[in-house]
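Contents: one structure, followed by commentary.
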Amino acid sequence: MTWACKDVTFYDVCWRLSMETSKSQNQNFKVNSKVNGKLLHKSYPYSIPLSYCFFFSFSVYKVFENVAQKYDIMNDAMSLGIHRLWKDMLLHAMHPQPGARLLDVAGGTGDISFRFLEYVRSQRERQQRRAVRFGQTLSYQDISNSYSTIETDGPRESTAVVCDINKEMLKVGKEKAESLGITAGLSWVVGDAEELPFDDDQFDIYTIAFGIRNVTRIDQALQEALRVLKPGGRFMCLEFSKVTNPLLARLYDAYSFQIIPVLGEVIAGDWKSYQYLVESIRKFPSQEEFKSMIEDAGFYCVQYYNFTGGVVALHSGFKL
């Protein structure tokens, strides 16, 4: 069966497909809701085959391939640098401890992983200083025993795995890591959020920042997150969301649709890619809707925090 539409964009249809339960192409689909207030029809002269949805994933891939070289610059320009604060807030909410293993999906140019490794390094140094102060009251035998334990077992190293489907984004991230001198505990993997190339129960923390709205089947990506996390592991998603203040929402819409594509053209030479990014933000589920999706995937203790009036939301859940 094919779907046809009237006054509905290709992006609208692909997004609706991505939000439906995955089914065989030979099965029929029933759509009981509207897209942007417009009904999907079957009787109009042009139609969109279900198989075209695969082109949605390819189109998203091309968007990020096109913007990879200017990605970090555009993030600063579009958010006026506030994205750095949002990412710092993610790390403070995460509060990782030395030895934690992070999987950063759609990790792009490595911002979250860099912050993670720096955070756990500072935590380790703080713990070592505390141990030194505590060690001043220990006996010689206690100190000797502690060194023997360290030599035998060795300190557990924190690791961060940046996983992204786009090789060009990973290439930019690797170059950035080398320029910053960040190499220890960091690895780069080409992988799809919907079919992660990792075994079960591997990671303590799973993060995806400003990436899940570009996933074709969000429910499948959430199930994969649950699979690769260890029991007790934490899922954390930082994503653009629904602005809660009506006045701020109007200003935000005007800025998004009138300014961001222009910045994309001026800075990155790519109007269309940034027009897509703005549209993808508007199509993403609300905070409560996304919270329900995370719970449906099998996570517990799911909650979210709004940043900057709901421009961005941080969702968190645990695998029990």
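Remarks
- Averaged over its residues, segment 153-235 has an accessible area of 43 Å² per residue, based on protein heavy atoms and a 1.4 Å probe.
- Taken along the Cα-to-beta-carbon direction at a fixed 7 Å, the label points for Glu157 and Ser179 span 2.5 nm.
- Here the accessible area is traced with a 1.4 Å probe on the protein chains. For segment 241-320, carbon and sulfur cover 60 percent of it.
- Pairs exceeding a 27 Å alpha-carbon distance, out of Lys174/Lys283; Lys87/Lys283; Lys171/Lys272; Lys230/Lys291; Lys171/Lys319: Lys174/Lys283; Lys171/Lys319.
- The string of couplings for segment 116-125 from the Karplus curve (6.51, -1.76, 1.60, θ = phi - 60°) is 4, 5, 5, 5, 5, 5, 5, 5, 5, 5 Hz, one whole number per residue in order, with x for Gly and Pro.
- Figure note: Thr244, Thr207, Thr308 ranked by solvent-accessible area, largest first, 1.4 Å probe, ligands and nucleic acids not counted: Thr244, Thr308, Thr207.
The values are calculated or read from the model by the stated rules, or taken from the named source; none is laboratory data. It should be emphasised that the depicted structure is a prediction, and the values quoted were computed from it without experimental measurement. Please note: Cβ atoms are built from the backbone with ideal geometry, for glycine as well, and neighbour counts cover all protein chains shown. Each accessible area value is taken on the protein alone, full model and side chains, heavy atoms only, with ligands, DNA and RNA left out. Shrake-Rupley method; radii C 1.70, N 1.55, O 1.52, S 1.80 Å.
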